[in-house]
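K.L.:
Next up is a structure, given as structure tokens.
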Amino acid sequence: MQKLLFLVLSVVILVLALTVPAGNAGLPPQGWSLTVVVDPGHGGKDPGAQVAGVDEKDLNLAIALRLLSLADGHPRLRVILTRTSDRYVELVNRVRFAEKVGAVLYLSIHANACSDPAVCGVETYVDDSRPPEDPSWSLAWTVQAAVCAATGAADRGVRSQRLYLRHTDLPAALVEVGYLTCTAERRKLSSPGYQERIAQGIFQGILDFLGL
């Protein structure tokens, strides 16, 4: 009986040793996965920017679905989208959903528009309520750098403004992948190949931020 008890205790100790995270690891143990929520901006009744027959909501979703495909099968990362079809989700509900599924970060995908057609490039936004030490800034800079590296697009940097992202404490950022009002960039954004490069950049930025 004592031998059996000793064997059971040994197994329990071994299981705990394998599953409890190390204090300085910063990542789940092998076999555990991190969940991130990616939001294809707009959708449904809200088309976003509409330029020359291109609806921003469709572009955002196309890129997000490519990102979802890239993440499929990754051993440590699970990507969930706020929408997988052309439907509208209330903004606050998007971040609440991320919190509900236990996401470690929230990233929204958008395309930009401007009255000046000469303005082109990628920029990433953080809500202006976030202090300098907030990890949202690191997320934004990491994604910004990775998308620009993957696409060769002009780097317009990381900026801040009032956003609905203030309604969550999760690290959160919004990436504007290009300007639909910039003719040359709009042509690229409409290309499946370029959408794939954007998705690869966003995916790499997420991996870099998480240290995966």
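K.L.:
When a footprinting reagent is the concern and you count Cβ atoms within 10 Å, what order do PHE209, PHE203 take, fewest first?
P.N.:
With the sparsest Cβ surroundings first, the list reads PHE209, PHE203.
K.L.:
From the phi of every residue in the range 101-118, what ³J(HN,Hα) in whole Hz does the Karplus formula 6.51 cos²θ - 1.76 cosθ + 1.60 yield, where θ is phi - 60° and glycine or proline is x?
P.N.:
Couplings: 8, x, 5, 9, 7, 10, 9, 9, 9, 9, 10, 9, 8, 8, 5, 9, x, 7 Hz.
K.L.:
Further, regarding this structure: Once the piece of chain linking GLU90 and SER129 is laid out straight, how much longer is it, given 0.36 nm per residue of separation minus the C-alpha distance between them?
P.N.:
Result: 12.0 nm gained on full extension.
K.L.:
Can you find, among ILE198, VAL122, TRP141, the residue sitting farthest towards the positive end of the charge dipole of the range 82-212, where Lys and Arg contribute +1 and Asp and Glu -1 at Cβ?
P.N.:
Checking the options against the dipole of the range 82-212, the answer is ILE198.
K.L.:
Here's another thing I want to ask about it. Which GluC sites (Glu not before Pro) in the range 117-212 sit in a loop by DSSP (not H, G, I, E or B) and have at most 15 other Cβ atoms within 10 Å of their own Cβ?
P.N.:
GLU133
K.L.:
Taking the Cα centre of the range 32-210 as origin, sum charge times position over the Cβ atoms of Lys and Arg (+1) and Asp and Glu (-1), and report the length of that vector in debye to the nearest 20.
P.N.:
320 debye
K.L.:
Be a star and scan the range 32-54 for residues whose amide nitrogen sits under 11 Å from the point 7 Å along the Cα-to-Cβ vector of VAL101.
P.N.:
35-40
K.L.:
What is the range 32-210 by shape, rounded, prolate or oblate, if you read a ≥ b ≥ c off the alpha carbon gyration tensor as root eigenvalues and call it rounded for a/c under 1.5, prolate for a/b larger than b/c, and oblate otherwise?
P.N.:
Rounded shape, in that the Cα axes give a/c under 1.5.
K.L.:
What's the exposure ranking of LYS45, LYS188, LYS57, going from fewest to most Cβ atoms within 10 Å?
P.N.:
Lowest count first: LYS45, LYS188, LYS57.
K.L.:
Counting other Cβ atoms within 10 Å, which GluC sites (Glu not before Pro) in the range 33-101 have at most 14 and lie in a DSSP loop?
P.N.:
Loop-located and lightly packed - GLU90.
Readers should treat all values here as calculations from the given coordinates under stated rules, not as data from a laboratory. This one's a predicted model, so the numbers in the text were calculated from it and none came from an experiment. Positions of Cβ are backbone-derived with ideal geometry, glycine not excepted, and every protein chain shown enters the neighbour counts.
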